[in-house]
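A.B. asks: There's a structure below that I have some questions on.
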Amino acid sequence: MTQQVPKRAPAQLERHIQALELRKQGKTYVAIGRELGISSSRACRLVKHTFALMKGKREELVDDVTRLELQRLDALVEALWPNRADPQVANALIRVTETRAKLLALFAPERHEVTDGNGDPIPAATQTVYIIQKDEAKRISEDLDGKV
């Protein structure tokens, strides 16, 4: 459920926008309150409320775009389906189906395990360091190969 934009006077909405702009400039809630003639707690509520409204609008936009993309995929399937016996069309239908599944997040995330030179798993905390060191070692090796 998303929040609705309040039907308030333009001056009140302007105050929300001003509070957000001041926050974007890095001002504290105390400074925002001082500049707008309100308390720091009211300034904080204004900014948070504005963010909540923006988040709600963003979620609505994402939902709308998702629905639009699903309609486009449906149209593609409808157009391709009569010729599904053609191998190229069948492959296109598979790609459309995969795209739909990705859009709806139907695939489980893939897990990749990083292993050392012996094939033993490396703890997650050290994987990044290991990968960086491995890449650095490869780069140094390539540099040395060019100079030897």
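A.B. asks: Every residue in the stretch 78-105 that is β-branched (Val, Ile, Thr) and farther than 19 Å from residue 68 by Cβ, please.
C.D. replies: Here is the first cut: in the stretch 78-105, the residues β-branched (Val, Ile, Thr) are 89, 94, 96-97, 99.
89, 94 - these are the residues of the stretch 78-105 that are β-branched (Val, Ile, Thr) and farther than 19 Å from residue 68 by Cβ.
A.B. asks: Based on this model, can you work out whether residue 33 counts as free of Cβ contacts under 8 Å to residues at least 40 places away in the same chain and surrounded by 15 or more Cβ atoms within 10 Å (Cβ to Cβ)? Before the answer, list the steps.
C.D. replies: Values: free of Cβ contacts under 8 Å to residues at least 40 places away in the same chain: yes; surrounded by 15 or more Cβ atoms within 10 Å (Cβ to Cβ): yes.
Against the criterion (free of Cβ contacts under 8 Å to residues at least 40 places away in the same chain and surrounded by 15 or more Cβ atoms within 10 Å (Cβ to Cβ)), residue 33 qualifies.
Values in this text are rule-based calculations from the coordinates and carry no lab data. On a predicted model such as this, the values are computed, not experimentally measured, just so you know. Here Cβ is always computed from backbone atoms with ideal geometry, including for glycine, and neighbour counts include all displayed protein chains.
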